[in-house]
Structures are given as structure tokens and as C-alpha cells.
Ligand SMILES: [Zn+2]
């Protein structure tokens, strides 16, 4: 629902010609909470690789030594174990879905609370009964779908790496100890990717909520606040402090926080 904040602010006696919001920056804790949800899916692979895949690998390897003709069958046993873990990983993605939804809802409520409290002071307007979770439903649905796809991809990638390691290992008769090390390295890649995704998706949700709320409140422009990150985009740094319309090329195609790992923020600007 659109809200005419400018009219309400004027009615409340605000005489300035513009109202500026402060940037709303997600916390490290919010990011870590999301990372934990991703890592939980990698952990299913970590635990079961140790409990199921590696023991099957060891059995296959020793039986392979006893008779070369068994090679194909024994690879089959490892495959069965990987399939079983896959089933468990898929169930953990269902769990992820629910937990992600709770995480995103909490983030949304937190963001809405920031908007309300900032504008209570800056515009002397009480938005608490005017803005609702349902206003940003599309953003919430998009971010959920995107993250379920991402976690599934993290799981698939981990499975692919583990399968590759064990099947190559069987072919070259790599000792189980070596294979275990390789699997650990693969799991570590999955964990690292989880952290990167969590950082990026936290930023993305926060950036989408900024845009949704600003447009809802009739803020047609935003002030670009550069992230100050080490690996920044020079063109983003050049925009620092500039006031940019949401309906401009930049506002539509490359707004703050939408490019991968962009930590830039949009400060809402309302002209009265
Ligand atoms: Zn940026």
C-alpha cells in the first residue's frame, strides 16, 4: 500500500524541504544466522560422508584388492551410500526452507521497525499501523525461492565433489586416508561458499527492503552510500553521496546492494 508520507509530514508541521533516512545496515549476527542455516546442509554431507561413504569406500577398496573383477560392483556400493545421503540432504533442504522463512521474516520485521522509528523522528509521523509485512510479499517470495535454489545448489555441488573424489579414488586405488582428506577439503569449500552466499543474500534482502519501503513511502530518490569494502566497484565509489532517482537507469538496473557482494546502501530521500 502506497503511503503519502510527504503529506503526512507536512500535516504534522514539518517545514523542511526534504526528509532523509539513514542507511539501514544488516548486522553481523543476521548474516551469521543465515550462514548457519546453509552450513547445516553441508554438515549433513560431512557427517554422512564419514559414517557411510568412507566406510563403503574402504570396503570397496579392500575387495577390489582381492579381485579386480569386482571393481564395477564395488563402485555401485559407494554410489548407493551417496544416494542415501542425498535423500537426507533433500530433507535438510525442506528444513532449511522453514528456517530461512523465519530468518527472513525476522529480518523484515527488524527492517520495518527501523523505518518506523526513523520516520517517527525525521518526519514526526507514526507509520506503525500503516506499513505491514504484506507490503513486501513479492520480495519475500523471491528471496525464499532464490535461497532454496542456492542451498540446493550448494548441496548438489558438495555431492558432486564427493562422488568425484570417491570414484576417482576407486579407479586409482587411492588410500582411504587420502580420500578422507580430499573430502574434507571439498566440504570446506562448501562451508566457505555458504558464508559468501549468506553475506550476499543478507545484503540482497536488505537492499530489496530498502527499495520497497522507500518507493512505498513516495521516496522517488535515494542517496548512494558506498560500502567502503576492500573489493569495491570503482563506479559505485564514484556514486557515493550522489542523489539518484529510483526510476533512472542506475536506479532500475544497478541500485545499491543488488550486484553480487555489493555492500552499498540506499538512503531514502523524500522531497517535500
Ligand atoms: Zn557497491
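Can residue 114 be described as in contact (Cβ under 8 Å) with a residue 60 or more places away in the chain, under 24 Å from residue 183 (Cα atoms) and part of a helix (DSSP H, G or I)?
Spelling it out, it is not the case that residue 114 is in contact (Cβ under 8 Å) with a residue 60 or more places away in the chain, under 24 Å from residue 183 (Cα atoms) and part of a helix (DSSP H, G or I).
Scan region 226-239 and report the pairs whose first residue is on the phi < 0 side of the Ramachandran plot and whose second residue is part of a helix (DSSP H, G or I) and within 7 Å of the ligand (Cβ to nearest atom), with Cβ atoms within less than 8 Å and a gap of 6+ or a chain change. These pairs meet every condition: 226/236; 227/236. Of 9, 29, all but one fail to be under 27 Å from residue 199 (Cα atoms), under 36 Å from the mean Cα position of the chain (by Cα) and in a helix (DSSP H, G or I); the exception is 29.
Of the candidates 168, 213, 177, the single residue that is part of a helix (DSSP H, G or I), more than 16 Å from the ligand (Cβ to nearest atom) and buried (at least 16 other Cβ atoms within 10 Å of the Cβ) is 213. When 149, 186, 145 are checked against the criterion of being in a helix (DSSP H, G or I), surrounded by 13 or more Cβ atoms within 10 Å (Cβ to Cβ) and at negative phi, a single residue qualifies: 186. For the structure I just gave you, tell me whether residue 133 is modelled with pLDDT of 95 or more, within 19 Å of residue 106 (Cα to Cα) and surrounded by 18 or more Cβ atoms within 10 Å (Cβ to Cβ). It is false that residue 133 is modelled with pLDDT of 95 or more, within 19 Å of residue 106 (Cα to Cα) and surrounded by 18 or more Cβ atoms within 10 Å (Cβ to Cβ). Within region 258-272, the set of residues being assigned to a loop (DSSP other than H, G, I, E, B), touching a strand residue (DSSP E or B) at 6+ places or on another chain (Cβ under 8 Å) and within 13 Å of the ligand (Cβ to nearest atom) comprises just one member, 264. The conditions of being in a helix (DSSP H, G or I) and either closer than 30 Å to residue 12 by Cβ or touching a residue at least 60 places away in the same chain (Cβ under 8 Å) (or both) are not met by residue 52. The condition of being in contact with a helix residue (DSSP H, G or I) (Cβ under 7 Å, 6 or more places away or on another chain) and under 30 Å from residue 115 (Cα atoms) holds for only one of 135, 142, that being 135.
Only residues that are within 9 Å of the ligand (Cβ to nearest atom) and either touching a helix residue (DSSP H, G or I) at 6+ places or on another chain (Cβ under 7 Å) or part of a loop (DSSP other than H, G, I, E, B) (or both) were counted in region 218-257, giving 9.
The values are calculated or read from the model by the stated rules, or taken from the named source; none is laboratory data. Please read all numbers here as calculations on a predicted model, not as lab measurements. Don't worry about glycine lacking a Cβ; one is built from the backbone with ideal geometry, like all the others, and counts go over all protein chains shown.
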